1. If I stretch the segment between Asn120 and Tyr103 completely, what's the gain in nm (0.36 nm per residue apart, minus their alpha carbon distance), one decimal?
2. State the antiparallel share, in %, of DSSP beta bridges confined to the chain, rounding to the nearest 5.
3. Could you check which residue among Ala192, Ala214, Ala116 shows the biggest mean-square fluctuation in a GNM of the chain with a 10 Å Cα cutoff?
4. Using a Gaussian network model on the chain with a 10 Å cutoff between Cα atoms, which of Thr30, Thr94, Thr59 fluctuates the most?
5. Report relative contact order for region 35-114 in percent, whole number only (criteria: Cα-Cα under 8 Å, sequence separation at least 6).
6. What residues qualify as long-range amide H neighbours of Ala186, i.e. H under 5 Å apart, gap of 5 or more or another chain, H built at 1.01 Å from N?
7. Can you tell me, using C-alpha contacts under 8 Å and at least 6 residues apart, the relative contact order of the chain as a whole percent?
8. Hey, what do the phi angles of region 6-16 turn into as Karplus ³J(HN,Hα) couplings, whole Hz, using 6.51/-1.76/1.60 and θ = phi - 60°, x for Gly and Pro?
Amino acid sequence: MVFDSHLGWKLLPNVTKRYPHENQPYTVRTNSRGLRDKEYPYEKPASIFRVIILGDSQTFGAGGVDSAETFPKLLENSDSHLQVINMGVPAYSTDQEYLSLQYEGVKYHPDVVVLAVFVNDFFITFHSWDNSILLPKGYFTLDHNDLKYHLPRASELRVWSRWSYICGALTRRFRRLTRSRSWQPAPEFNQAEREEIFRHLLTGMHNICKSVGAEFMVVYIPFKSQKERHFLQDIIAEAGLKDGFQTLDLTGLL
C-alpha cells in the first residue's frame, strides 16, 4: 500500500510479494497501474466484452487466494471474448470505489461495471481513518443534494513516505504520532444521513456508467453467519429500482 492524496491509499505498481503466514500462503503481483491483475490497455479491442469489478479485499482476493482463483478471473476464464478487470483494493469502501471508477475505471471503456458490496462497506464509508491500513481516507457529505468530497489529510512525513524509504520507516515507527498530528475525524453522521449519502454514491456511480455507455450492477455479498436481512440490502434494492440499475443479492446462494 502507498498513501494517495485523493483515494487515501492504493496498491503499489509492479510489485511481487509473497505472504507465507496466511492460512494458505500466496503471492500478490500488481501490474503497472497498481492492480492485482494482468496488463490491460485502456483501449478495448473490438471483439472483447469488458467488465470491471470494484470491491475490497474479497474482490482483491486477500487472505490466501491466488490471482487465478479470484472471482473476477474465474469469470473472465469462462469466455474467450470476456475481459474482467480486478480493481479490488483491500479495505476500500464504497466512496473510494466511486472515486476509483470516476478517475480510473472509465478509462478502460467497460461494457459493465460491477460494484461488490460487503456489509462493512456501509460503515467505513463514513470513516476518515483505517485501522488496518493505518492511513487516512476522505469522506463525502451532501451539499444541497450534491455529493461533496473532503480529501484525506496526512502529515508531511506520511506524504513523503510514498517516495522515501526513510520517511516510510519513520511513519511506521511513529504511526500514532503522525496520525494524531494529521488525522481529522469525519463528522458524526446519523443513520438517515448515512443512508442518503450511500444512495447518492450508488446513483453517482450509475450516472458515471451511463455517461460512458456502460451497464451498472451492484452485487451484495453476505457475511458468513448472516441469517437475517440487513438494512443495506434494502438500500441497494430500493436504489436499483429507483435508478434502474441491476442488483444481485447472493445471500440465498451462499
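The values are calculated or read from the model by the stated rules, or taken from the named source; none is laboratory data. Just so it is clear, the structure is predicted and the values come from calculations on it, not from any experiment. Because the Cβ atoms are built from the backbone with ideal geometry, glycine has one as well, and the counts that use them run over all protein chains shown. Ligands, DNA and RNA are stripped out before the accessible areas are found, and what is left, the full protein with its side chains, is counted by its heavy atoms. Shrake-Rupley method; radii C 1.70, N 1.55, O 1.52, S 1.80 Å.
1. Details: separation 17, 0.36 × 17 = 6.12 nm, distance 2.35 nm.
Stretched out fully, the Asn120 to Tyr103 stretch lengthens by 3.8 nm.
2. Working: 14 of 34 bridges.
So the antiparallel bridges in the chain amount to around 40 percent.
3. Ala192
4. With Cα springs under 10 Å in the chain, the top fluctuation among Thr30, Thr94, Thr59 is at Thr30.
5. On the way: 122 pairs, mean separation 37.2, N = 80.
The value is 46 percent.
6. Ser128
7. Numbers: 441 pairs, mean separation 44.8, N = 254.
Relative contact order for the chain comes out at 18 percent.
8. 10, 8, x, 7, 7, 7, 5, x, 6, 10, 10
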